[in-house]
Amino acid sequence: MVAGVGLGSPMLGPGQLVEALGDPESLTRTIILDVRLPRIVLAVLVGAGLAVSGLLLQDGLRNDLAGPELLGASSGAALAMAILTMFAIPVPWVLHPMIALLGALAGGALVLSLVGTVSTPERVAVLGAAVSSVLGASVTAVIGLGGDTARVNLLFSYLLGNLSARNWSHVGMVAPAVLIMLAGAVLLGRSVALIKVGESPARALGVRVTAIRVAVLLLAAIVSATVTAACGPVAFIALLAPHLARRVTGESRTAPLIGIVGVLGALLLLVADQAAQLVVYPAEIPVGVMTTVFGVPVMLILLRRRHLARSRPAGMQ
């Protein structure tokens, strides 16, 4: 986090940071407190919220490829925000997360309705990618219909997932959704863990499987929609963090992983954002591009491993 405060134009070393923070009249102090620090706090919140949503989705749906970006939630929220932006619909800024939530719920409902009751990870991944492509094409169509160049440029930067030019108001927008997600994860952790073991054992122990899954999907949609409204879609943190946490700790139970996954998600997005600022410095790459560059190969590796595991003869497993 300290390194993140020093990143940007101009670059600031530790001594310069201390000197600037000690001078109330310094412009650099204002940049640190009102530009760079909100960006770092926002990255921590977004990374933690998305990561924990990914953990709940993967364990609650018993699908290790589940995530907002593969369930249509992120794309649905992006389409809703694109319509709002390109057609200059007069909706108060504070209500933007609600508009994004409606889009996220619609996108998620479409994917789940297509998947049906027989849902393998591969089926969810393929149908989720298909729906996301259709929603992405719809965003392109909206941009074409909108026509205003300034709005197109604004929307293009936004749709790539961006933490730049964010302030404390964006932190205030995202923080309640993340807190709701974390509280929900703690409350639902035991039930989700039982569902992960198996639906029948979970029902035998009194878990209302359908209700828990609906709650998990709603929590994930709330986080995804709020993040999309504030930063644009930030993909694959929800997919990467739970897998990384399981591999690093050797833990597979849902409840003990909640805190670990949240921290890892925050770190992943912080590192991705810092890399995005450094790769082509003094220009920067949108953080959503960086997370996608790392996330897509991991998703393909997971799909290949699952395919190899299923095709291996029973005696070799």
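The values are calculated or read from the model by the stated rules, or taken from the named source; none is laboratory data. Model, not experiment: these values are computed from the prediction. Neighbour counts run over all protein chains shown; Cβ positions are idealised from the backbone, glycine included. What goes into the accessible areas is simple: the full protein's heavy atoms, side chains included, and nothing from ligands, DNA or RNA. Shrake-Rupley method; radii C 1.70, N 1.55, O 1.52, S 1.80 Å.
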What about Val115, is it of a type outside the set (Asp, Glu), open to solvent by less than 20 Å² (accessible area, probe 1.4 Å) and over 22 Å from Gly295 (Cβ atoms)? no
Among (1) part of a helix (DSSP H, G or I); (2) surrounded by fewer than 17 Cβ atoms within 10 Å (Cβ to Cβ); (3) touching a residue at least 60 places away in the same chain (Cβ under 8 Å) - the single one Leu187 does not satisfy: (3)
Of all residues in the range 59-77 being among the hydrophobic types (A, V, I, L, M, F, W, C) and modelled with pLDDT under 85, which is surrounded by the fewest Cβ atoms within 10 Å (Cβ to Cβ)? Leu65
Kindly check whether there is at least one residue in the range 216-227 that is in contact with an Asp or Glu (Cβ under 8 Å, 6 or more places away or on another chain) and either of a type in the set (A, V, I, L, M, F, W, C) or free of Cβ contacts under 8 Å to residues at least 24 places away in the same chain (or both). no
Here is a check on your reading of the model: is Arg166 open to solvent by 30 Å² or more (accessible area, probe 1.4 Å) and farther than 30 Å from Leu308 by Cα? yes
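Here is a yes/no grid of residues against (1) modelled with pLDDT of 95 or more; (2) not charged (D, E, K, R):
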{"site": "Arg151", "(1), (2)": "no, no"}
{"site": "Leu155", "(1), (2)": "no, yes"}
{"site": "Leu160", "(1), (2)": "no, yes"}
{"site": "Ser164", "(1), (2)": "no, yes"}
{"site": "His170", "(1), (2)": "no, yes"}
{"site": "Ala183", "(1), (2)": "yes, yes"}
Exactly one of these conditions fails for Ala109: (1) open to solvent by 50 Å² or more (accessible area, probe 1.4 Å); (2) touching a residue at least 40 places away in the same chain (Cβ under 8 Å). Give me its number. (2)
The correct count of residues that are open to solvent by less than 60 Å² (accessible area, probe 1.4 Å) and either under 19 Å from the mean Cα position of the chain (by Cα) or among the aliphatic types (A, V, I, L, M) (or both) in the range 240-254 is 7
Consider only pairs whose beta carbons are under 6 Å apart and that are at least six residues apart or on different chains; among these, list those whose first residue lies in the range 38-53 and is open to solvent by 10 Å² or more (accessible area, probe 1.4 Å) and whose second residue is of a type in the set (D, E, K, R). Arg39/Arg166
